[in-house]
Amino acid sequence: MSDLRILSIIPPMTQLNTPYPSTAYLTGFLHSKGFSADQADLSIALALKLLSADGLLDVRTQLNRLPNARQTAVCNFFVENFEAYRNSIAPAIRFLQGKDPTIAHRIASRRFLPEGPRFALLNQYGPHQEESDDPLDWAFGAMGLQDQAKHIATLYLNDLADVIRDAIDSRFAFVRYAESLAASQPTFDHLQHALQAPRTLVDEYLHELTLATLAQYEPNLVLLTVPFPGNVYGALRIAQTIKETRPSATVALGGGYCNTELRELKERRIFNYVDFITLDSGERPLLALIDHLEGQRPITDLVRTYTRSHHYVDIGEPDVAFSQTGTPTYRGLPMQDYLSLLDMLNPMHRLWSDGRWNKITVAHGCYWKKCSFCDVDLDYISRYDLASTEVLIQRIENLIQETGETGFHLVDEAAPPKALKSMANALISGKHQISWWGNIRFEKSFDDELCQLLAHSGCIAVTGGLEVASDRLLKLMKKGVSVEQVARVTRSFSDAGILVHAYLMYGFPTQTVQETVDSLEYVRQLFLNGCIQSGFFHRFTATVHSPVGKNPEQYGVTLSRPTFAPFANNDVNFDDPTGVDHDFYGMGLKKALFNYMHGIGLDIDVREWFAHPDGERGSGKRGARRIQHIAPRTSVPSNFIARALHG
């Protein structure tokens with residue numbers, strides 16, 4: 001029996017509505033191997049410590065020490081209404097945790113919670129109303145009291161996050177905390193400077209939480225998961241506390257950030273905080289590391305691991321088969337403490353922040369692995385490994401038994417259609433009543449019949465990449481779909497009562513202004529024809545691990561790599577000969593999409609979203625006005641999607 005006491009930690013800031021699944025996966029795997037393993041979520045713990053009566057009192061104390069010049073509008077509002085905030089924070093948190101639903105009546109009255117600058121967002125909802133109209137009446141009508149209160153309480157917390165950012169730590173956010181310190185930073189200098197600076201109130205709270213967690217579990221091996229750049233600073237602050245107070249404990253770092261950004265690591269200073277950094281799926285590197293710590297293998301025989309003294313070590317042992325990785329477990333995590341938030345009124349978009357979902361994976365990797373913007377050579381994409389339907393159903397049953405909850409989020413890169421069909425049949429035949437959603441490719445195999453089957457099995461939503469709605473660019477991306485195919489597939493899902501979210505992209509190499517305008521027109525028609533209900537535009541970024549990053553000449557661009565990058569190395573700048581100002585057009589794309597998701601502006605010429613800043617912007621109402629168009633008229637027929645659906 002191993003003497004190791006292993007603790008996996010989720011650092012801030014990740015998710016507030018549900019645990020990030022990486023520690024659940026590793027803890028379940030370690031239990032299956034007989035190890036003593038626990039897990040802790042310091043992301044939700046830190047949020048709840050800040051969002052408490054005592055936390056707000058500490059924030060006000062810090063804020064009062066600031067010079068007047070640094071006190072922003074949201075800070076001044078917080079000070080003026082401090083007693084209202086202090087008296088309402090605990091009830092608001094309990095409500096968002098689902099522990100006191102009846103207080104929704106008071107919250108929805110708009111008289112219980114103080115309403116700071118974030119509440120100005122409410123004015124963006126609804127067709128232009130009379131001043132006396134409440135925009136929430138348009139959004140929720142006479143019903144939906146719980147949702148209305150949840151949205152108000154979420155805006156209330158966002159105001160408080162802005163206060164913490166302005167008064168305590170300019171890097172603070174509920175997600176992407178201090179992201180700029182770690183995202184594609186070629187050197188460790190910014191992180192080192194931040195880690196050596198005096199602790200802020202946020203840092204002090206995290207330090208206290210780390211000490212309490214160490215005292216509770218007494219670990220001698222701590223695993224820190226860093227899925228995103230916004231987790232790195234928090235993880236290293238935790239590691240710093242461990243090294244200062246328990247220097248004999250071993251600290252290992254892993255997760256998506258390491259897998260993509262630290263593959264060419266030469267920076268030694270990070271090892272002042274951690275002892276090991278593992279890459280790719282963690283099961284095999286962790287087993288090798290445990291063997292080493294127990295004296296059963298030399299440090300030179302580790303697997304995909306950076307060490308302080310031996311740099312990168314990988315003896316090439318095969319990964320643990322996906323079917324042998326065990327069932328994720330949430331044991332030890334404070335499942336009753338997570339917050340169901342409602343940032344946006346769109347019914348599909350809310351799934352990411354509202355509700356507690358059991359996370360599960362149908363297959364490791366991606367069965368397509370051809371997209372030119374994707375990290376197709378890295379393990380999380382390239383190694384496709386599918387578990388049997390029987391294993392998947394057993395994991396679902398185990399999680400229901402453990403958590404008592406039947407909501408599942410399939411967190412695959414792209415869940416394969418055949419596996420989903422088999423899973424759906426097994427769920428139906430086994431009379432498993434669950435709700436599930438997940439990421440797919442818009443394959444033509446998702447026809448009406450399959451979509452109806454998935455809906456019958458409990459599927460409530462799917463997400464998928466449309467990227468740039470341009471057949472030329474989709475072909476250049478090697479996406480394997482066309483706009484017409486996406487229209488038919490998404491409509492099949494929608495007709496089955498399944499919500500559809502489209503991932504969208506702008507700024508792909510050689511993308512022209514005309515293609516940007518046409519892409520938005522396709523998106524407008526997809527919304528108009530009920531094919532999709534939600535979407536998100538993100539700016540294309542070339543990564544060193546993608547086909548664009550490896551063979552830029554095939555995509556008509558040249559790369560601008562940093563000359564010295566001993567630390568993070570992932571995103572890479574490139575020069576596009578088209579010279580398009582994608583940042584400007586990106587603002588129009590995002591504004592249009594925000595309105596489309598609320599059913600607004602679907603009858604507007606898409607050029608109006610790109611109105612010149614000196615001209616009058618489109619407002620969603622017809623009428624006489626002068627719009628200074630700087631974008632070309634769309635070349636897409638106004639009935640293109642309608643024809644595709646009936647073709």
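The values are calculated or read from the model by the stated rules, or taken from the named source; none is laboratory data. In this text, all values refer to a predicted model and were calculated from it rather than measured experimentally. FYI the Cβ positions are ideal-geometry reconstructions off the backbone, even for glycines, and counts take in every protein chain you see.
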Suppose we keep only residues that are free of Cβ contacts under 8 Å to residues at least 24 places away in the same chain and under 27 Å from THR278 (Cβ atoms) within segment 351-410. Which one would you say is surrounded by the most Cβ atoms within 10 Å (Cβ to Cβ)? LYS369
Suppose we filter segment 391-426 for residues that are within 23 Å of the chain's Cα centre (by Cα) and not hydrophobic (A, V, I, L, M, F, W, C); how many remain? 8
Evaluate segment 329-346: report whether one residue or more is in a loop (DSSP other than H, G, I, E, B), among the basic types (Lys, Arg) and not assigned by TED's automatic domain parsing to the domain that holds GLU413. yes
Test set (1) of a type in the set (Phe, Trp, Tyr); (2) under 25 Å from the mean Cα position of the chain (by Cα); (3) more than 18 Å from LEU351 (Cα to Cα) - PHE493 fails condition number: (3)
Go through segment 347-389 and give me each residue that's over 24 Å from ALA321 (Cβ atoms) and not in a loop (DSSP other than H, G, I, E, B). HIS349, ARG350, LEU351, TRP352
Just give me the residues in segment 461-507 being within 17 Å of MET597 (Cα to Cα), hydroxyl-bearing (Ser, Thr, Tyr) and in contact with a Ser or Thr (Cβ under 7 Å, 6 or more places away or on another chain), in sequence order. TYR503
I'd like the full set of residues that are surrounded by fewer than 22 Cβ atoms within 10 Å (Cβ to Cβ) and aliphatic (A, V, I, L, M), limited to segment 416-439. ALA419, ALA424, ALA426, ILE428, ILE434
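Being modelled with pLDDT of 95 or more and surrounded by 22 or more Cβ atoms within 10 Å (Cβ to Cβ) is the requirement here; does LEU450 meet it? Lay out the reasoning, then the answer.
Numbers: modelled with pLDDT of 95 or more: yes; surrounded by 22 or more Cβ atoms within 10 Å (Cβ to Cβ): no.
Against the criterion (modelled with pLDDT of 95 or more and surrounded by 22 or more Cβ atoms within 10 Å (Cβ to Cβ)), LEU450 does not qualify.
Out of the residues in segment 1-34 that are assigned to a loop (DSSP other than H, G, I, E, B) and either out of contact with any helix residue (DSSP H, G or I) (no Cβ under 9 Å at 6 or more places or on another chain) or β-branched (Val, Ile, Thr) (or both), which is farthest from ARG395 (Cα to Cα)?
ASP3
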Given the structure, is SER422 over 22 Å from LEU499 (Cβ atoms), in the same structural domain as VAL486 (by TED's automatic domain parsing) and out of contact with any strand residue (DSSP E or B) (no Cβ under 8 Å at 6 or more places or on another chain)? yes
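Rundown of residues vs (1) out of contact with any Pro (no Cβ under 6 Å at 6 or more places or on another chain); (2) β-branched (Val, Ile, Thr), yes/no style:
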site	(1), (2)
THR154	yes, yes
ALA161	yes, no
ALA167	yes, no
PRO186	no, no
ALA194	yes, no
LEU206	yes, no
GLN216	yes, no
PRO219	yes, no
PRO227	yes, no
Consider segment 259-280. How many of its residues are assigned to a helix (DSSP H, G or I) and in contact with a Lys or Arg (Cβ under 8 Å, 6 or more places away or on another chain)? 2
Among the residues of segment 459-490, the number that are within 23 Å of the chain's Cα centre (by Cα) and at positive phi is 1
State all residues of segment 281-313 that are in a loop (DSSP other than H, G, I, E, B) and surrounded by 20 or more Cβ atoms within 10 Å (Cβ to Cβ); if no residue qualifies, say none. SER281, GLY282, LEU302, VAL303, ARG304
Total residues in segment 314-334, condition crowded, with 17+ Cβ neighbours inside 10 Å and farther than 16 Å from GLU283 by Cα: 3
Quick one: how many residues across segment 527-543 are surrounded by fewer than 21 Cβ atoms within 10 Å (Cβ to Cβ) and either in contact (Cβ under 8 Å) with a residue 40 or more places away in the chain or more than 17 Å from VAL500 (Cβ to Cβ) (or both)? 8
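Residues in segment 8-28 that are touching a Leu at 6+ places or on another chain (Cβ under 8 Å), more than 20 Å from ARG165 (Cβ to Cβ) and surrounded by 22 or more Cβ atoms within 10 Å (Cβ to Cβ): how many?
Kept after step one, since they are touching a Leu at 6+ places or on another chain (Cβ under 8 Å), are these residues of segment 8-28: 8-13, 16-17, 19, 23-24, 26.
Subsequent filtering for residues that are more than 20 Å from ARG165 (Cβ to Cβ) retains 8-10, 17, 19, 23-24, 26.
Those still in the list that are surrounded by 22 or more Cβ atoms within 10 Å (Cβ to Cβ) too: 8-10, 19, 23-24, 26.
Residues in segment 8-28 being touching a Leu at 6+ places or on another chain (Cβ under 8 Å), more than 20 Å from ARG165 (Cβ to Cβ) and surrounded by 22 or more Cβ atoms within 10 Å (Cβ to Cβ): 7 in total.
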Residue hits (segment 342-358; under 15 Å from the mean Cα position of the chain (by Cα) and at pLDDT 95 or above) are TRP357
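So, SER619, is that one modelled with pLDDT under 95 and either within 30 Å of GLN192 (Cβ to Cβ) or of a type in the set (S, T, N, Q) (or both) or not?
Numbers: modelled with pLDDT under 95: yes; either within 30 Å of GLN192 (Cβ to Cβ) or of a type in the set (S, T, N, Q) (or both): yes.
In short, yes.
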Inside segment 29-48, can you point out the residues that are surrounded by fewer than 24 Cβ atoms within 10 Å (Cβ to Cβ) and under 25 Å from HIS364 (Cα atoms)? PHE29, HIS31, SER32, LYS33, GLY34, PHE35, ASP38
Number of positions in segment 370-380 that are within 20 Å of HIS538 (Cα to Cα) and within 21 Å of the chain's Cα centre (by Cα): 5
Under 9 Å between Cβ atoms, which residue pairs at least 6 apart in sequence (or on different chains) link something in segment 564-587 that is under 15 Å from PRO552 (Cα atoms) with a partner that is part of a loop (DSSP other than H, G, I, E, B) and basic (Lys, Arg)? ASN570/ARG263; VAL572/ARG561; ASN573/ARG561
Considering only residues that are out of contact with any Phe, Trp or Tyr (no Cβ under 8 Å at 6 or more places or on another chain) and either free of Cβ contacts under 8 Å to residues at least 24 places away in the same chain or under 22 Å from ASN569 (Cβ atoms) (or both), which ones fall in segment 170-198? SER170, SER180, ALA183, SER184, ASP189, HIS190, GLN192, HIS193, GLN196, ALA197, PRO198
Counting just the residues of segment 99-144 that are hydroxyl-bearing (Ser, Thr, Tyr) and at pLDDT 60 or above, which one comes out surrounded by the most Cβ atoms within 10 Å (Cβ to Cβ)? SER109
Residues being within 25 Å of ALA644 (Cβ to Cβ), in a loop (DSSP other than H, G, I, E, B) and not aromatic (Phe, Trp, Tyr) - total across segment 417-472: 8
Give me the residue from segment 224-258 that is of a type in the set (D, E, K, R) and assigned to a helix (DSSP H, G or I) and, out of that set, surrounded by the most Cβ atoms within 10 Å (Cβ to Cβ). ARG237
Being under 22 Å from the mean Cα position of the chain (by Cα) and more than 25 Å from LEU386 (Cα to Cα) is the requirement here; does GLY438 meet it? no
Out of all the residues in segment 562-575, which are surrounded by fewer than 18 Cβ atoms within 10 Å (Cβ to Cβ) and modelled with pLDDT of 90 or more? PRO566, ASP571, ASN573, ASP575
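Identify the residue in segment 201-216 that is in contact with a Lys or Arg (Cβ under 9 Å, 6 or more places away or on another chain) and either surrounded by fewer than 18 Cβ atoms within 10 Å (Cβ to Cβ) or in the same structural domain as VAL59 (by TED's automatic domain parsing) (or both) and, among all such residues, is farthest from GLU261 (Cα to Cα).
Of segment 201-216, the ones in contact with a Lys or Arg (Cβ under 9 Å, 6 or more places away or on another chain) are 202-203, 205-210, 214.
With the extra rule that they be either surrounded by fewer than 18 Cβ atoms within 10 Å (Cβ to Cβ) or in the same structural domain as VAL59 (by TED's automatic domain parsing) (or both), the set shrinks to 207-208.
Values: HIS207: 26, GLU208: 29 Å.
Only one residue tops the list, namely GLU208.
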